[in-house]
């Protein structure tokens, strides 16, 4: 039995290069189904629902919705908003139900990472309790690749390709002089090291880091100084280090917080300088060598020009499949990828219980990390290399990116 | 009268995405001329000459020399080495003459920026004084675009394309939440603002910075805080700032040095944190808002995957032309570009007195900077936009860059 009503899509959490590709998949697929009456995009995710700020997607040019595939960040606007447990306050839930009823929203797709899946799950469960029929499917997205139950997450492959490419280019740059230099590159990933580990892909081309530090294993500053010293001794005063922003010591304390404990925060540096800067200072003090900290910063999550074609296609497909599944009657699920056995890379889409994905962080298996804790094994490379494949047909105008230009016409039902 | 002998090529100064394209041009052109007996590449520029470390380029695969066109940084190794005035010490000059004689070097090509052209000029003049016949041509290179007498420098167009593209992507990233955020991006360029100004190209696509600060005009911290405040007031708490690492105050003091004067250097931060971090601290203290400093760091000078096709071709041509000119009898010159009048972009190569290029820094004309000192006018955009054009045929392997692999066989004549 087909459910007739409006479809609502929202984006949530930090940007990726391909979150808009999923939006494109949802919108273009939704247009194919007669049971979907209206197609809305919520501005700033859950916030747009609470404030009734919906864009009317049917008013957009289809061509621009195609351009979304290669437009980074969240075209509708994103949000970090955590719903309170319903027993603490049900105000947001009541408001969401009210808005869903008013707009006759019967299909709801929420695109994001762990926290967003938690939001999606809570909305789904509340609407069930309220006997409001609505098909709800979560669409995964995160450069961190830490969602549970899926082989990988849309957004990861592109960020990984950016990291590996950039590391290769940096490798060539930092080896240009015959003078000593310690380079420390900081990569995103608070608790999972997937993206940092992607730097190891550069080693397949002979241009990778000497040392990689992941948040999955405790970080020891003395060992680190010693590791760097040993590499520099062998390599003419040079060492190339890549580490995760989220490395922690044995006591679980973030290394990036070491600066605060040294009372250097009055100028605002504790918040501003990252772990690469902290460790650069420590290396400089200890080894009296030239050190250059480099933070890949926001660039690694929005560099759509270096997206993996496979990631773009899969993100688009995740959006499409979410709509197809919902139309078929599925709800309360998240789209996930399963990698099929065999030499050639192949995946199929499947559905997970949203709850399963929402609250467990998937980390790199410890058995994939080398015994000396400064690199990853072949298992990781075999896992990650297929994810960065596929050329993209990146649209250019004046040799600069041609990103989507949405009209963003607000629906007026207030 | 053709001069018969060996050809020597050296790379000097900071990396660019296309300095190896010039090397490719020199090597592949040199192979076409019978008067050129051997083709040598000096390891680490002038240092390789003094130490007699020459690679035998004829032993390289031509295919790999082609790959050099898209390989960033200096494949032969670079150097920062300043020759002393001859009256202070002529030891290096004598040594260079000795080595040139030993290897019968009759063609010498040196690829670099201002300082490298100074070196090239000094070697040229000394060999003239010593009555040693050698054709010497400088080949320009710098992302700073500050060499005098040429319309632009190889290396600039690619770095400019990287900056403009990255700024567009960052624009999409930082506008994703509806919360306040001041973003400060730091771009290379110690005394000339050409590369920083390239961020304005992103504005042509509606995704550029709100405020641009160049080293050509004095920087006033109070005005800056006020500028940011005004933009943030108008734009929902957001301001997007791009500035040059080399901005200085009225007294000519680098803003990046403000940190030192605040006695915050014992942890090594003065050397490590750049001007974006300094100003982020000041904005944070004054406006109590979230600030994110982003240093484009080495990425902007080695991101070959985002090179401008035109820049790659022109850098290659500069190398080719240097050889052609030398074979024709020219010496003591630098290859330069002249932009031809007319609507369509066209350049021709010409030769300059090396001295002319060596010691004068070309800056952005003040008349191209807006009156409020926070942006550039149409004249700059008209100048710079053609330089970032041209798609590149960027070779990939496993969807990662396929950079040149040189054998680097050292010549054994010691």
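We did not get these values from a lab; they are worked out from the coordinates using the rules stated. Model, not experiment: these values are computed from the prediction. Reconstructed Cβ throughout: ideal geometry from the backbone, glycine too, with neighbour counts over all protein chains shown.
Descriptive notes on the structure:
- Simple spin-label estimate for residue A:328 and residue A:64 gives 3.3 nm between the two label positions (7 Å along the Cα-to-Cβ direction from each Cα).
- Within the listed set B:119, B:71, B:166, the Gaussian network model of chain B (springs between alpha-carbon atoms below 10 Å) gives the highest mean-square fluctuation for B:166.
- Label spacing, shortest first and in nm, from residue A:223 to its equivalents in the remaining copies (7 angstrom along Cα→Cβ): 5.3
- Fewest-first ranking of B:220, A:34, using other Cβ atoms within 10 Å as the exposure measure: A:34, B:220
- Cα-based convex hull volume of segment B:219-374 per residue, rounded to whole Å³: 209
- Amide N proximity, segment B:139-162 versus residue B:360 label position 7 Å along Cα-to-Cβ, cut-off under 11 Å: B:148-150
- Using C-alpha pairs below 8 Å separated by at least 6 residues, the relative contact order for chain B is 24 percent.
- Within segment A:49-80, backbone nitrogen closer than 15 Å to the virtual label 7 Å beyond the Cα of residue A:409 toward Cβ: A:54-65
- Note on chain A: Cα convex hull, mean projected area over all directions, 22.5 nm².
- For segment A:105-161, the normalised intensity computed at q = 0.20 Å⁻¹ comes to -0.71 (log10 of I(q)/I(0), Debye sum over alpha carbons, equal scatterers, no solvent).
- Computed across segment A:66-222, the Kirkwood radius stands at 18.9 Å (inverse of mean 1/r, all Cα pairs).
- For the protein assembly as shown, the pair-distance distribution built from all alpha carbon pairs, in bins 10 Å wide starting at 0, is 3, 13, 22, 24, 20, 11, 5, 2, 1, 0 percent.
- The ranking of A:196, A:165 from fewest to most other beta carbons within 10 Å of each one's beta carbon is A:165, A:196.
- Figure legend: label point modelled 7 angstrom from the Cα of residue A:31 along Cα→Cβ; residues of segment A:384-414 with amide N under 16 Å from it are A:404-409.
- Per-pair calculated FRET efficiency, R0 = 41 Å: residue B:396 and residue B:178 via Cβ, rounded to 0.05: 0.60
- A point 7 Å from Cα along Cα→Cβ stands in for residue B:249, and the other copies hold the same point at 3.6 nm, listed in rising order.
- Each 5 Å bin from zero holds the following percent of Cα-Cα pairs in segment A:157-302: 2, 10, 20, 23, 22, 15, 7, 1, 0.
- Antiparallel bridge percentage (DSSP; both residues within the protein assembly as shown; nearest 5): 35
- Scaled to the globular estimate 2.2 N^0.38 Å, the Cα spread of segment A:305-365, given as radius of gyration, is 1.28.
- Position residue A:361: other-copy label points at 4.5 nm, ordered by increasing distance, label point 7 Å along Cα→C-beta.
- Share, in percent, of DSSP beta bridges within chain A that are antiparallel, nearest 5: 35
- Ranking of B:295, A:328, A:344, B:38 by count of other Cβ atoms within 10 Å, fewest first: A:344, A:328, B:38, B:295
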